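**Student:** I have a structure here, written as structure tokens, and I will follow up with some questions on it.
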Amino acid sequence: MQPHSTPGALVRELSRLFVRSQRAQSSCVDGASNVQCHVLTELLRVDELSGLTQHALVERLSLDKAWISRAVDALVSDGVVAKRPHEDDKRSVKLSLTALGRIRAEKLENTLNAHAAQVFEHIAVDQHAQIHDALAVLVSALTQSAQAALNKTASDSDNEIKPASQIDTLVFEDASMLDVPAIEALLVQANLSIVGVRRHIAHFRLGKFGGKIVAVGGLEIYGEQALLRSIAVDTEQRNKAYGKQIVRDVCHSAQRAGIRDVYLKTVSARAFFAGLGFQVIAYEQVPASVKKSSQFRAAGPASATLMHCAL
Ligand SMILES: CC(C)(COP(=O)(O)OP(=O)(O)OC[C@H]1O[C@@H](n2cnc3c(N)ncnc32)[C@H](O)[C@@H]1OP(=O)(O)O)[C@@H](O)C(=O)NCCC(=O)NCCS
């Protein structure tokens, strides 16, 4: 059998070669170490004002806590990353890029994008769309596999007594018409509009813990664009990372449905969504189809914050 004759062997070889060549590229950018590069690109995705806690960084990068801590300290002493006290939690700090850090992170991102574009130059142009679709399928499969692993860990440890601070992983499922009363109750409790829930129920997801619905989120799909709506967590269950989990799950389901851009409108949760990679945009940048939706018009006043995330 040839070394790369199975899909698994091909994926491993692709990952090995690509990571190795990207590493060679990124080490050229101001000599930053690999973990520092990951930290820079991750911080570039969050809103400067909201920043990211070190804990959230560890969670997002799935890298060793001590490595990240060392990389952050080095970046802070280089004047690339700034630390400031967390507004709500005295034990925690928020990290964000300084002006110098933003320049360095953008330079790094451009280098990595240019490298990926160079790789594509070795592929016939008429095959680009096909490769793009195949990669999107692979990304979706990897996302689902990671989610399944998380769910398994959660169910394996269901019988343990856990400290309240420990993060529990929700079990996600598609909503159905039968769930509409429970969803609407959660939305009313969260002060969110219930307009159009029934019409878009096929694109609603539920986050359950111990069989009980604790989080909900939905999409209104308009071609390759979608409005992220109705993100709500039971008031008794907030600040347990359920909000972040439901947003990520709904975005993964959008990715699986071929959505490229997700938009939202929020009155009070701008920092929450910024921490998940959403960026503030102007009204003119929202596509007409999304603007027309009754939910978009119902979700708060004209002064509400509009945000976008490219999937
Ligand atoms: C917004 C909401 C979904 C967050 O859910 P949650 O489970 O409490 O949030 P998580 O535990 O996943 O995330 C906690 C993080 O988000 C931040 N956060 C939570 N709610 C926030 C809000 N309304 N504004 C700003 N930041 C918020 C926390 O400070 C924390 O930050 P950290 O990780 O840096 O410490 C929940 O508060 C809710 O249902 N609110 C009412 C409905 C709503 O406003 N929905 C959004 C508009 S569609």
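**Student:** Could you tell me what percent of the accessible area of the range 7-122 is made up of carbon and sulfur, with a 1.4 Å probe and every protein chain present? Intermediate results must be reported in sequence, preceding the final value.
**Tutor:** Working: 3860 of 6820 Å².
Of the solvent-accessible surface of the range 7-122, carbon and sulfur hold 57 percent.
**Student:** For a test of the definition: using alpha carbon positions, the gyration tensor, and the 1.5 limit on a/c, classify the range 245-311 as rounded, prolate or oblate. Don't skip to the answer; put the middle values down first.
**Tutor:** On the way: a/c = 1.73, a/b = 1.26, b/c = 1.37.
Oblate.
**Student:** Here's a follow-up. What shape does the range 7-122 take by its C-alpha gyration tensor, where a ≥ b ≥ c are the square roots of the eigenvalues and a/c under 1.5 counts as rounded, a/b above b/c as prolate, and the rest as oblate? Before the final figure, lay out each step's value.
**Tutor:** On the way: a/c = 2.34, a/b = 1.72, b/c = 1.36.
In terms of gyration-tensor shape, prolate.
**Student:** What is the local net charge at residue 19, summed over the other residues whose Cβ is closer than 12 Å to its Cβ (Lys, Arg +1; Asp, Glu -1)? Working shown, then result.
**Tutor:** Numbers: positive: 12, 16, 20, 23; negative: 13.
Net of charged neighbours comes to +3.
**Student:** For 222, 283, what's the largest-to-smallest order of accessible area, 1.4 Å probe? Show your work: numbers first, answer last.
**Tutor:** Numbers: 222 55, 283 125 Å².
The ordering from most to least exposed comes out as 283, 222.
**Student:** Starting from the 7 Å offset along Cα-to-Cβ, what nm value, one decimal, do you get for the label separation of residue 191 and residue 9?
**Tutor:** 6.0 nm
**Student:** Using a cut-off of 11 Å between beta-carbons, work out the net charge of the residues near residue 297 (Lys and Arg +1, Asp and Glu -1, residue 297 not included).
**Tutor:** After counting each charged neighbour, the total is +3.
**Student:** Got a sec? What order do 297, 270, 205 fall in by accessible area at 1.4 Å, biggest, i.e. largest, first? Kindly include the intermediate steps, with their values, before the conclusion.
**Tutor:** On the way: 297 155, 270 85, 205 30 Å².
Largest accessible area first, the residues go 297, 270, 205.
**Student:** Sort 62, 253, 15 by accessible area with a 1.4 Å probe, largest first.
**Tutor:** Working: 62 100, 253 25, 15 60 Å².
Final ranking, largest accessible area leading: 62, 15, 253.
**Student:** What does the accessible area per residue of the chain come to in Å², with a 1.4 Å probe and no ligands, DNA or RNA counted? Walk me through the intermediate numbers first.
**Tutor:** Working: 17510 Å² over 311 residues.
Per-residue value: 56 Å².
**Student:** Go through 90/291; 208/265; 107/291; 90/244 and tell me which ones have a Cα-Cα distance over 30 Å in this structure.
**Tutor:** Numbers: 90/291 40 Å; 208/265 25 Å; 107/291 34 Å; 90/244 21 Å.
Over 30 Å apart, Cα to Cα: 90/291; 107/291.
**Student:** What number, in percent, do you get for the relative contact order of the range 167-310 if the mean sequence gap of Cα pairs under 8 Å and at least 6 apart is divided by its residue count? Write down the numbers at each step before the final one.
**Tutor:** Working: 241 pairs, mean separation 33.5, N = 144.
In percent, rounded to a whole number, it is 23.
**Student:** Can you give me the long-range amide H partners of residue 53? Hydrogens built in the peptide plane at 1.01 Å from N, cutoff under 5 Å, separation of 5 or more residues or another chain.
**Tutor:** Answer set, sorted by chain and number: 95.
**Student:** Mind checking which lysines have their Cα closer than 18 Å to the Cα of residue 65? Skip sequence neighbours fewer than 8 apart in that chain.
**Tutor:** 83, 94
**Student:** May I ask you to derive the relative contact order of the range 7-122, considering only C-alpha pairs under 8 Å and at least 6 residues apart, and to give it as an integer percent?
**Tutor:** Averaging sequence separation for qualifying contacts and normalising by length gives 29 percent for the range 7-122.
**Student:** Taking the Cβ of residue 218 as the center, what net charge do the other residues with Cβ under 10 Å away carry, scoring Lys and Arg +1 and Asp and Glu -1?
**Tutor:** On the way: positive: 205, 229; negative: 220.
It works out to a net charge of +1.
The values are calculated or read from the model by the stated rules, or taken from the named source; none is laboratory data. Just so we're clear, the structure is a prediction, and the values are computed from it rather than from any experiment. Reconstructed Cβ throughout: ideal geometry from the backbone, glycine too, with neighbour counts over all protein chains shown. In case anyone asks, the SASA skips ligands and DNA or RNA and just uses the protein heavy atoms, side chains included. Shrake-Rupley method; radii C 1.70, N 1.55, O 1.52, S 1.80 Å.
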